């Protein structure tokens with residue numbers, strides 16, 4: 001499963017299709033904090049389409065807005081809560097049955113947002129860890145010493161983990177009810193959507 005988030009929208013891609021949930025216009029410019037759950041439902045557009053989202057390149061210099069960080073964290077939380085719910089399912093479980101394991105809003109809220117599989121941090125952290133791991137061979141330093149190399153590999157894996165933590169600390173913020181609801185709806189659409197692609201998915 002692939003997750004992707006933007007400032008006002010969240011996507012989940014499963015197999016060859018993507019579910020999304022986004023704030024309708026003009027609600028993306030309105031403070032919705034005091035809206036009831038029922039009112040929020042009417043402010044959200046959902047759907048499902050074949051293919052994957054149109055990814056946007058991250059401007060690391062500019063960074064994410066606070067709301068983008070919240071959506072990013074909500075995406076992580078929902079992914080992890082869903083994976084936890086299906087963790088003990090039998091391998092023969094049908095894809096159609098996954099929709100019965102969609103996490104509740106409370107389950108998503110209580111899940112930690114850190115994910116080792118975050119694409120944003122994984123690319124950077126794994127590249128750095130791989131270069132570090134290869135350093136003894138590049139410098140021809142103790143690269144035949146099994147004890148040193150075992151320690152070095154462990155060090156590189158720790159570097160990968162803590163680098164991911166640092167990056168995600170910068171690009172994640174605790175989501176509120178709105179972002180959590182968006183993420184849950186996007187997952188629902190990915191699992192049982194109606195192939196209704198919007199004219200603009202951004």
Among the residues of the stretch 8-25, is any within 21 Å of residue 169 (Cα to Cα), at pLDDT 90 or above and part of a loop (DSSP other than H, G, I, E, B)? yes
Given the condition in a helix (DSSP H, G or I), out of contact with any helix residue (DSSP H, G or I) (no Cβ under 7 Å at 6 or more places or on another chain) and closer than 15 Å to residue 175 by Cβ, answer yes or no: does some residue in the stretch 38-52 qualify? no
Flag for residue 124 being at pLDDT below 95, in a loop (DSSP other than H, G, I, E, B) and either in contact with a strand residue (DSSP E or B) (Cβ under 9 Å, 6 or more places away or on another chain) or not assigned by TED's automatic domain parsing to the domain that holds residue 21 (or both): no
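The values are calculated or read from the model by the stated rules, or taken from the named source; none is laboratory data. For clarity, every value in this text was computed on a predicted model and none was experimentally measured. Please note: Cβ atoms are built from the backbone with ideal geometry, for glycine as well, and neighbour counts cover all protein chains shown.
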